[in-house]
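Each remark here refers to the structure printed beneath this line.
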Amino acid sequence: QVQLVESGGGLVQPGGSLRLSCAASGSMLSLNVMGWYRQAPGKQRELVAAITSGGVTNYADSVKGRFTISRDNAKNTVYLQMNSLKPEDTAVYYCNAKRITQAYELKVYDYWGQGTQVTVSS
């Protein structure tokens, strides 16, 4: 199975930057979509950013222009560069990967990392 390990979280002041990393246990070539979700206490988990195997990206409206998702296939790693951080960005950030196959029936395999805490506070 696929294992995902996040790193790079921490405490940062408003306006600061962090870069999250998500390392996959194997080649990412079989993972159609990789992305980042976040969940704050008392709130629903939400998609932050995603990137397809072809490099197409998608961002939540709240982070557009501030966050950038990228992938390095050689290192089997996905990154989330977070700039101009705001207190409302505080959450646990989870790496996610999806593998979509269709053999007689369509199947979506969902994989999750353990999460990394991001706290934006002065």
The chain accessible area per residue, 1.4 Å probe, protein heavy atoms, integer Å², reads 55 Å²
Which chymotrypsin sites (Phe, Trp or Tyr not before Pro) in the stretch 48-122 pass both tests, a DSSP loop state and at most 10 other beta-carbon atoms within 10 Å?
Tyr104
If one computes the Cα centroid of the stretch 100-119 and of the stretch 1-71, what distance in Å separates the two points?
13 Å
For Lys64, give me every one of the aspartates and glutamates with a C-alpha distance below 15 angstrom, ignoring sequence neighbours fewer than eight places off in its own chain.
Glu46, Glu88, Asp89
Hey, which lysines would be in cross-link range of Lys98, C-alpha to C-alpha under 21 Å, not counting anything within fewer than 8 residues on its own chain?
Lys75, Lys107
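Quick check on packing: order 25-31, 35-41 by the mean number of other C-beta atoms within 10 Å, highest mean leading.
Ranked from most to least packed, the peptides come out as 35-41, 25-31.
What percent does the relative contact order of the chain come to when contacts are Cα pairs within less than 8 Å and at least six residues apart?
In percent, rounded to a whole number, it is 35.
The values are calculated or read from the model by the stated rules, or taken from the named source; none is laboratory data. None of the values given here were measured: they were computed from a predicted structure. As a convention, Cβ positions derive from the backbone with ideal geometry for all residues, glycine included, and neighbour counts pool all protein chains shown. Quick note on the areas: whole protein, heavy atoms, side chains included, nothing else; ligands and nucleic acids left out. Shrake-Rupley method; radii C 1.70, N 1.55, O 1.52, S 1.80 Å.
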